[in-house]
Amino acid sequence: MTANRTSPTAQATALTIGFIGAGRLAQTLALALEQRTAHRIRHVASRRLSSAQTMANQLQHCHADDSPQTIAEHCDLVFITTPDDTIAGVSNTVRWRTGQYVVHCSGANDLSVLQGVHAYAAHPGSFHPMQAFGDNPRTALATLTGCTIAVDAATPLDDVLHDMAQQLQCHSLTLPPQARALYHASGNYAAQHIHVLLAEAAKFWTSWGATEAQALQALLPLLKGTIAALENGDIAKNMPGPISRGDVQTVVKHLQAIHTIDADSAALYRQLGKAATTLAKHANKIDETAASALYQVLDK
């Protein structure tokens, strides 16, 4: 992987930028580019003109359009920020310009979804921030700082995108082509799957009459403490919980209680518990005897 780097040539060039797609990522990225770089955000198009107008209204001198072709005709660099499954369709239907930069923001897709740009001698690229974007782009803007952005492009676009990431105060890297799906899947564990786990935990709270809001009020500070510990480095050594302490009887009580609520939830707890046991054992947080006892309980 290639880490951050600078490009004096790229830094000296202020590009006219447009977006095809006006979702949460596009809104946040456009605001960041406008506030932190010299690039000019001038056009945005969306399937719904109202969505493009909502995004354009947050930016200075940005026009809302209902035609992706308009974006291609007026911008040096075009970000395709549509859903993943529609990127190739946009690439194939727009008439691009020679030397133009066309960049998608998909984490799972490589540059093959931009095959359509080659017919016009345009430069394809990808620029994927490893971050979750909420409904408020100005709030999401703060979380963009410090995130990692995966860049894939050939020269000269490669230098432009790495430099852009640096100006956004982010870390940039270049992935091996075969690693892209696994890279994107890893993000699901830190984002999507956290929501699933919290939903499971909230299910336990509702079993005794509490609300999801009460569950979040109790669990979010715990999650924040976990994240704070992880910032010190070393995933395994900073893992909390009864398995990391070898508290076998506590795990037994957990399983007995969870099974009365939902057998599928108990099965998920067992699977996660076995992974946690392996993690704790490799970090020397528990010895072989404790690990064997935990595996025995979790395999029942």
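The values are calculated or read from the model by the stated rules, or taken from the named source; none is laboratory data. Bear in mind the structure is a predicted one, so any value in this text is a computation, not a measurement. Here the Cβ positions follow ideal geometry from the backbone for every residue, glycine too, while neighbour counts run over all protein chains shown.
Do the conditions hold for ALA14, that is, is it at pLDDT below 95 and part of a helix (DSSP H, G or I)?
No: the conditions fail for ALA14.
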I'd like to verify a number: residues in the stretch 26-57 that are under 18 Å from GLN131 (Cβ atoms) and assigned to a loop (DSSP other than H, G, I, E, B), how many?
1
Screening ALA280, ALA267, ALA236 for residues that are farther than 30 Å from CYS147 by Cα and either in the same structural domain as THR206 (by TED's automatic domain parsing) or among the basic types (Lys, Arg) (or both) leaves only ALA267
From the list ALA154, ALA72, ALA142, ALA122, exactly one residue is of a type in the set (Gly, Ala, Ser) and farther than 28 Å from LEU49 by Cα. Which is it?
ALA154
Can you spot a residue in the stretch 40-49 that is assigned by TED's automatic domain parsing to the domain that holds ASP158, in contact (Cβ under 8 Å) with a residue 40 or more places away in the chain and surrounded by 18 or more Cβ atoms within 10 Å (Cβ to Cβ)?
no
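A quick yes/no check of all residues on (1) out of contact with any Ser or Thr (no Cβ under 8 Å at 6 or more places or on another chain); (2) modelled with pLDDT under 95; (3) under 30 Å from HIS128 (Cα atoms):
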{"position": "GLU212", "(1), (2), (3)": "no, no, no"}
{"position": "GLN217", "(1), (2), (3)": "yes, no, no"}
{"position": "GLU231", "(1), (2), (3)": "yes, yes, yes"}
{"position": "ILE243", "(1), (2), (3)": "no, no, no"}
{"position": "LEU255", "(1), (2), (3)": "yes, no, no"}
{"position": "LEU268", "(1), (2), (3)": "yes, no, no"}
{"position": "THR289", "(1), (2), (3)": "yes, no, no"}
{"position": "ALA293", "(1), (2), (3)": "yes, no, no"}
Let me confirm something: among LEU255, LEU279, LEU268, LEU223, which residue is surrounded by 13 or more Cβ atoms within 10 Å (Cβ to Cβ) and within 23 Å of the chain's Cα centre (by Cα)?
LEU223
Only one of (1) more than 30 Å from ALA179 (Cβ to Cβ); (2) hydroxyl-bearing (Ser, Thr, Tyr); (3) crowded, with 19+ Cβ neighbours inside 10 Å is not met by THR98, so which one is it?
(3)
Contact list please: Cβ distance under 7 Å, first residue in the stretch 242-256 and on the phi > 0 side of the Ramachandran plot, second residue outside any helix (DSSP H, G or I), pairs at least six apart or on different chains.
GLY246/ILE286
Taking the criterion of being at pLDDT below 95 and either in contact with a Leu (Cβ under 7 Å, 6 or more places away or on another chain) or not polar (S, T, N, Q) (or both), would at least one residue in the stretch 67-82 satisfy it?
no
How about the stretch 128-150: which of its residues are in contact (Cβ under 8 Å) with a residue 60 or more places away in the chain and either closer than 27 Å to GLN69 by Cβ or within 15 Å of the chain's Cα centre (by Cα) (or both)?
PRO129, PHE133, GLY134, ASP135, PRO137, ALA140, LEU141, LEU144
Just to check your reading of the model, which residue among ALA140, ALA199, ALA215 is outside any loop (DSSP other than H, G, I, E, B), assigned by TED's automatic domain parsing to the domain that holds LEU268 and crowded, with 16+ Cβ neighbours inside 10 Å?
ALA215
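Are any residues in the stretch 147-182 among the hydroxyl-bearing types (Ser, Thr, Tyr), in contact with a strand residue (DSSP E or B) (Cβ under 6 Å, 6 or more places away or on another chain) and surrounded by fewer than 20 Cβ atoms within 10 Å (Cβ to Cβ), and if so, which ones?
Hits for the stretch 147-182 are THR148, THR174.
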Residues that are within 18 Å of ALA30 (Cα to Cα), without any contact (Cβ under 8 Å) to a residue 24 or more places away in the chain and either aromatic (Phe, Trp, Tyr) or part of a helix (DSSP H, G or I) (or both): does the stretch 166-188 have at least one?
no
Every residue from the stretch 65-120 that is in contact (Cβ under 8 Å) with a residue 60 or more places away in the chain and part of a helix (DSSP H, G or I)
VAL90
